[in-house]
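**Student:** Take a look at this one; I'll ask things after.
The values are calculated or read from the model by the stated rules, or taken from the named source; none is laboratory data. Computed from a predicted structure; not experimentally measured. Neighbour counts run over all protein chains shown; Cβ positions are idealised from the backbone, glycine included. Just so you know, the surface numbers come from the protein's heavy atoms only, side chains and all, with ligands and any DNA or RNA stripped out. Shrake-Rupley method; radii C 1.70, N 1.55, O 1.52, S 1.80 Å.
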Amino acid sequence: MRKRTVYTWIVAILCFVVLMIVTPAIPQSQEYHDFADQRKFFGIPNFLNVVSNFPFLVIGLIGLVLCYHGNYFKLSLQGELWGWTVFFIGVAAVGVGSSYYHLKPDDARLVWDRLPMTVAFTSIIAIFIIERIDEQKGTVSLVPLLLAGVVSIMYWRFFDDLRPYAVIQFVPCIAIPLMAILLPPMYTHSAYWLWAAGFYLLAKVEEALDKPIYQWTHHIVSGHTLKHLCAAMVPVFLTLMLAKRSIETQRISLLQTWKISWTKVKENGSNVESYTCTYSNVPVVESS
């Protein structure tokens, strides 16, 4: 198993090196800071983009408290406790860092927006490895993954190249839904992972449509503000999952569960059709 782990890391590193060689650098566009909604209220510039980060702070602090208050989440593994602690710290820090950035958007402040998001992304990967693959490997991977996230931010800041950060941000978007579907879960309510992934995808769409949404809503709300609110639903769903879940007695992947459900639906449909055909062939006796 150790050799397999080493080979996996070697392959991942080689793929990353090849990616860095064959792809051009991605500089940070300064147009990124030109958000649609720049209105000022109560003396706060870019008001809605600033205050829409408040849910991150709230849910991050709530999650952090529940991790330790009487072990409300019933985290039985030490690695899980560390992973979720780092995740909720990252979420709470997003609320502070992103608000700080949106008060006066520029590259220097953007670091404090992206850094806590990266902490949350990388901790989630470690948590998933703990739950779906191996506890020890996931626990050990937490620190290297966090360091990889920090390095990606520093690399962008010093070399104006977003490629490492893009890998750190988008790999979880692909890997986590796939693992949630294909790998058998340790706990119940694993479908909440897919709800969280869906809201994050919606948030990215709203971010890309910042100005069109602002026009479509007649300057009521911009896509970037909605992006913050939808992205905040990710830790909300994960917190609900932690509160509701229990140990899964039959570890069956979501894909297998869906196959079983679909088979039952087909069987029920066939039984209903068979019953209908049999009933239709019964002769009807008319009374005189």
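**Student:** So which of V86, V171, V94, V119 is β-branched (V, I, T) and surrounded by fewer than 18 Cβ atoms within 10 Å (Cβ to Cβ)?
**Tutor:** Going through V86, V171, V94, V119 in turn, just one is β-branched (V, I, T) and surrounded by fewer than 18 Cβ atoms within 10 Å (Cβ to Cβ): V171.
**Student:** Would you please name the residue that is nearest to S222 (Cα to Cα), looking only at residues in the range 35-65 that are open to solvent by 30 Å² or more (accessible area, probe 1.4 Å) and β-branched (V, I, T)?
**Tutor:** Checked the range 35-65; the qualifying residue nearest to S222 (Cα to Cα) is V51.
**Student:** Looking at this structure, is D37 touching a Ser or Thr at 6+ places or on another chain (Cβ under 8 Å) and among the charged types (D, E, K, R)?
**Tutor:** Spelling it out, D37 is indeed touching a Ser or Thr at 6+ places or on another chain (Cβ under 8 Å) and among the charged types (D, E, K, R).
**Student:** Only residues in the range 189-212 that are within 21 Å of R251 (Cβ to Cβ) count as the first member; pair them with residues that are aromatic (F, W, Y) and open to solvent by less than 40 Å² (accessible area, probe 1.4 Å), Cβ under 7 angstrom, at least 6 apart or cross-chain, and list the lot.
**Tutor:** From residues that are within 21 Å of R251 (Cβ to Cβ), the pairs are Y192/F237; W195/F237; A196/F237.
**Student:** Within the range 224-237, does at least one residue satisfy the condition of being open to solvent by 20 Å² or more (accessible area, probe 1.4 Å), under 18 Å from L75 (Cα atoms) and within 17 Å of the chain's Cα centre (by Cα)?
**Tutor:** Within the range 224-237, one or more residues are open to solvent by 20 Å² or more (accessible area, probe 1.4 Å), under 18 Å from L75 (Cα atoms) and within 17 Å of the chain's Cα centre (by Cα).
**Student:** A further question follows. Taking I220 as the residue in question, decide whether it is assigned to a helix (DSSP H, G or I) and either closer than 29 Å to Y100 by Cα or among the β-branched types (V, I, T) (or both).
**Tutor:** No.
**Student:** Could you please give the count of residues in the range 16-34 that are under 17 Å from L209 (Cα atoms), assigned to a loop (DSSP other than H, G, I, E, B) and open to solvent by 60 Å² or more (accessible area, probe 1.4 Å)?
**Tutor:** Looking only at that region, the number is 1.
**Student:** Also, I was wondering about something else. Could you please find all residues in the range 223-253 being in a helix (DSSP H, G or I) and more than 13 Å from A203 (Cβ to Cβ)?
**Tutor:** Correct list: L238, T239, L240, M241, L242, A243, K244.
**Student:** Name every residue in the range 66-83 that is part of a loop (DSSP other than H, G, I, E, B) and open to solvent by 10 Å² or more (accessible area, probe 1.4 Å), in order of residue number.
**Tutor:** H69, G70, N71, Y72, K74, L75, S76, L77 - these are the residues of the range 66-83 that are part of a loop (DSSP other than H, G, I, E, B) and open to solvent by 10 Å² or more (accessible area, probe 1.4 Å).
**Student:** I want to confirm something. Restricting to the range 238-288 and keeping residues that are exposed (fewer than 11 other Cβ atoms within 10 Å of the Cβ) and of a type in the set (G, A, S), which single residue is modelled with the highest pLDDT?
**Tutor:** Selected residue: S246.
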